[in-house]
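Q: Pasting in a structure now, in structure tokens, and then I'll have a few things to ask.
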Amino acid sequence: MILNKKRIILCGRAASGKDFLRKLLQESGFKYQISYTTRPPRENEVDGVDYLFLSEDSFKDMIAKNEFYEYVVFNNWYYGTSRVQFNEVGSVFIMTPAGLAHLGAKDRDESLVVYLDMPEDIRRARISERNDADSAERRIIADNKDFQDFENYDIHIDNPDFTIETFSESIEDY
């Protein structure tokens with residue numbers, strides 16, 4: 001646990017470095033809780049490694065069975081975290097601001113929320129390098145709307161060259 005928090009939640013716009021930091025944290029011993037989604041896989045994404053890819057019907061079935069701690073619809077695709085995943089101590093999650101809004105006060109207090117907030121030009125370049133089902137412009141517009149007035153975080157990272165060492169320094173400053 002970091003700072004007596006049960007989990008770390010990474011939040012940021014598209015191509016802000018969430019997966020990069022997630023991998024650094026995994027190398028440091030944290031367990032990444034893979035989100036469920038109905039969006040199509042990107043090139044090189046692997047089911048069960050990057051996401052748990054489901055049909056919309058399967059996702060809705062899990063909703064009906066109350067299996068999700070939180071879920072959101074983003075750009076017409078569903079994303080969610082199961083209750084079992086969320087309660088596992090020492091885990092790393094990636095969530096949107098809407099996903100964070102589902103956390104109860106106790107769960108929010110037990111979570112360290114890290115906001116990765118990179119300059120738009122860097123994000124645009126990263127998005128354009130991906131073979132994505134979404135256009136860069138659509139992602140930028142949707143993210144700008146979703147992250148407007150976003151303040152529900154504990155640590156803010158805006159350095160595109162961050163490392164695990166600079167992340168650790170941010171935790172010490174927190």
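Q: Could you please report the charge total around residue 63, scoring K, R as +1 and D, E as -1 over all other residues with beta-carbon less than 14 angstrom from its beta-carbon? Don't skip to the answer; put the middle values down first.
A: Numbers: positive: 60, 65, 83; negative: 56, 57, 61, 67, 70.
Result for the neighbourhood of residue 63: -2.
Q: Another one. Exposed loop GluC sites (Glu not before Pro) only (DSSP loop, at most 10 other Cβ atoms within 10 Å): please give the longest stretch of the chain free of them, not including the sites. Present the calculation step by step, with values, prior to reporting the outcome.
A: Working: sites that count: 43, 151.
Longest site-free region, per DSSP loop and neighbour criteria: 44-150.
Q: Something else now. Using only Cα atoms, locate the centre of segment 39-117 and the centre of segment 135-172, then give the distance between them in Å, rounded to an integer.
A: 18
Q: Could I ask something else about it? Order 174, 36, 71, most accessible first, counting only protein heavy atoms with a 1.4 angstrom probe.
A: Numbers: 174 115, 36 45, 71 85 Å².
Ranked from most to least accessible, the order is 174, 71, 36.
Q: With a 1.4 Å probe and all protein chains left in place, how much of the accessible area of the chain comes from carbon and sulfur atoms, in whole percent? Present the calculation step by step, with values, prior to reporting the outcome.
A: On the way: 4130 of 9040 Å².
Answer for the chain: carbon and sulfur cover 46 percent of the accessible area.
Q: Got a number for the accessible area of residue 154? Probe 1.4 Å, square angstrom, nearest 10.
A: 40
Q: Using only the alpha-carbon atoms of segment 1-87 as identical scatterers, what base-10 log of I(q)/I(0) does the Debye formula give at q = 0.12, 0.19 Å⁻¹?
A: -0.39, -0.98
Q: If you don't mind, another one. Once fully extended, how much extra length lies between residue 142 and residue 158, figured as 0.36 nm per residue of separation less the alpha-carbon to alpha-carbon distance? Each step should come with its number before you reach the end.
A: On the way: separation 16, 0.36 × 16 = 5.76 nm, distance 1.95 nm.
Between residue 142 and residue 158, full extension yields an extra 3.8 nm.
Q: Can you give the accessible area per residue of the chain, in Å², using a 1.4 Å probe? Mind dumping the intermediate values first?
A: Values: 9040 Å² over 174 residues.
Accessible surface, normalised per residue, equals 52 Å².
Q: Taking the Cα centre of segment 18-174 as origin and charging only Cβ (+1 Lys, Arg; -1 Asp, Glu), how large is the dipole, in debye to the nearest 20?
A: Working: 18 positive and 33 negative charges, 112 e Å.
Here segment 18-174 has a charge dipole of around 540 debye.
The values are calculated or read from the model by the stated rules, or taken from the named source; none is laboratory data. Just so we're clear, the structure is a prediction, and the values are computed from it rather than from any experiment. FYI the Cβ positions are ideal-geometry reconstructions off the backbone, even for glycines, and counts take in every protein chain you see. Each accessible area value is taken on the protein alone, full model and side chains, heavy atoms only, with ligands, DNA and RNA left out. Shrake-Rupley method; radii C 1.70, N 1.55, O 1.52, S 1.80 Å.
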